[in-house]
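The values are calculated or read from the model by the stated rules, or taken from the named source; none is laboratory data. These figures come from a predicted structure and were not determined experimentally. Neighbour counts are summed over all protein chains in view; Cβ atoms, including those assigned to glycine, are modelled from backbone coordinates with ideal geometry.
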Amino acid sequence: MITTWSEAIMQCKEVVSTYSMKSKISRRGLLPVLLFACLSAFISSRPFAAINEINTPKSFTVIAHRGASGYLPEHTLEAATLAFSLRPDFIEQDVVITKDDIPVVLHDIHLETVTDVEEVFPTRHRTDGRYYARDFTLAELRTLRVHERTNSDGTPVFKDRYQGQHANFKIATLAEHFELISELNRQFGTSVGVYPEVKSPAFHSKEGVDASKSVIYALNTYGFGEKNSNSYIQCFDFKEVKRIRETLGYEGKIVMLIGENSWGESDTNYDWIRTEDGMREVATYADGIGPWLGHIFNSEAMAQGKIEAAAWLDFAHSHKLTIHPYTYREDALPKGMTGEQVLEALDNVADVDGVFTDHLVPVLSWRAYKP
Ligand code: CA
């Protein structure tokens, strides 16, 4: 165990120099990222554990939500690289399709919340005033700068996250993300997995493009699409989950995402999904579920200061569904709970199998030291 700054810095230098020797890709860009990764691990609430030590326990799956999005603008290759350097089990990619039918990694079908599209292409919005990734070619999307997620008034959604103004972060394709993770896995001898989400399949279908097919093609191209591959494909649309399994014949692991009906993610009835019938149906087609963190604990018990699992989770457990809730955010924790309380309750009270997190450092540190 490393307990002093000088030991931590020595360790960081060692990791970085080993990395530099092995890595042939863009060393100059990656060095500060790695140094940052090592140092953030050290200054987290727990003593620094060497990267391999952090990586050892596997009983609670850690998924890098939109890359290391708590530290760098989401879904950029830089955020994926930083995530990789911290060694989660999976790195997530949300996928939308461009005008020229190329899958790119973006959380929304709209562009204005994470890019400068309104300045670069001021007239290219639809009648609803929104800028759709589907209306731009990959070459056009490449001209945009990706920034930290903002609200409609331009203020950051998470005010303490990345505040830099000059680094030119870019939109990347799904193939580039898969290639990056595959190449880093090869060079480090690791098996960090991928966790792509088919975004808004009904929207894409109306646009004349099969988003699921594009995602499956990319998974297969990079060796992530087999039955036992280190990957999950996820979707909020139950009809699409069925279609991926039945019509497209996909044999890899699938996760049914569960939200609130009011979010309008799809026409799936999420209240029904969380019933015994719903869970039985989901288990017919999917290997797991990705429920919202707000659905995991019993809200009435919470109001009385007690932490209890929500009753519906029993149906998921009885159908042996893997449960990966979203999203652990150090800067947006459930009211009245510390980060550690949330993680311990997920692990021991709700008995879920892992978590999507924007902040990898506290979750990996907690996992490394949990009993
Ligand atoms: Ca997602």
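Does at least one position in region 44-62 carry a residue that is part of a strand (DSSP E or B), in contact with a strand residue (DSSP E or B) (Cβ under 8 Å, 6 or more places away or on another chain), modelled with pLDDT of 50 or more and not hydroxyl-bearing (Ser, Thr, Tyr)?
yes
Just one of 214, 205, 191, 182 is buried (at least 17 other Cβ atoms within 10 Å of the Cβ) and small (Gly, Ala, Ser); which is it?
On inspection, the qualifying residue turns out to be 214.
Among the residues that make up region 153-176, is at least one of them among the hydroxyl-bearing types (Ser, Thr, Tyr) and within 16 Å of the ligand (Cβ to nearest atom)?
The answer is no; no qualifying residue exists.
Please determine whether any residue of region 338-345 is farther than 23 Å from residue 364 by Cα and of a type in the set (Ser, Thr, Tyr).
no
Within region 231-262, track down each residue that is under 19 Å from residue 295 (Cα atoms) and touching a strand residue (DSSP E or B) at 6+ places or on another chain (Cβ under 9 Å).
Step one: list which residues in region 231-262 are under 19 Å from residue 295 (Cα atoms), which gives 234-238, 255-262.
Correct list: 234, 235, 236, 237, 238, 255, 256, 257, 258, 259, 260.
Looking only at region 286-309, count every residue that is in a loop (DSSP other than H, G, I, E, B), touching a helix residue (DSSP H, G or I) at 6+ places or on another chain (Cβ under 6 Å) and of a type in the set (A, V, I, L, M) and tell me the total. Before the answer, list the steps.
If we filter region 286-309 for residues that are in a loop (DSSP other than H, G, I, E, B), which is where we start, we get 286-287, 296, 298, 304-308.
Next, from what is left, pick out any that are touching a helix residue (DSSP H, G or I) at 6+ places or on another chain (Cβ under 6 Å): 286, 307-308.
This time we only want the ones that are of a type in the set (A, V, I, L, M), so: 286, 307.
Here the count works out to 2.
May I ask you to say which residue of 280, 274, 329, 367 is at pLDDT 95 or above, basic (Lys, Arg) and surrounded by fewer than 16 Cβ atoms within 10 Å (Cβ to Cβ)?
Going through 280, 274, 329, 367 in turn, just one is at pLDDT 95 or above, basic (Lys, Arg) and surrounded by fewer than 16 Cβ atoms within 10 Å (Cβ to Cβ): 280.
Suppose the filter is of a type outside the set (Lys, Arg), closer than 29 Å to residue 243 by Cα, within 16 Å of the ligand (Cβ to nearest atom) and free of Cβ contacts under 8 Å to residues at least 60 places away in the same chain; does residue 205 pass it?
Taking the combined requirement at face value, the residue does not satisfy it.
Keeping to region 310-334, report how many residues are in a helix (DSSP H, G or I) and not aliphatic (A, V, I, L, M). Steps first, please.
Step one: filter region 310-334 for residues in a helix (DSSP H, G or I), giving 313-318.
Filter again for not aliphatic (A, V, I, L, M), leaving 314-315, 317-318.
The total comes to 4.
Take region 245-285 and flag every residue that is away from the ligand (no atom under 16 Å from the Cβ), part of a loop (DSSP other than H, G, I, E, B) and not aromatic (Phe, Trp, Tyr).
247, 248, 249, 251, 252, 267, 269, 274, 275
Is one or more of the residues making up region 115-128 more than 15 Å from the ligand (Cβ to nearest atom), at pLDDT below 95 and crowded, with 18+ Cβ neighbours inside 10 Å?
Scanning region 115-128 turns up no residue that is more than 15 Å from the ligand (Cβ to nearest atom), at pLDDT below 95 and crowded, with 18+ Cβ neighbours inside 10 Å.
Filter region 232-242 for residues that are touching a residue at least 40 places away in the same chain (Cβ under 8 Å) and touching a Ser or Thr at 6+ places or on another chain (Cβ under 7 Å) and give the result.
Within region 232-242, 238, 240 qualify.
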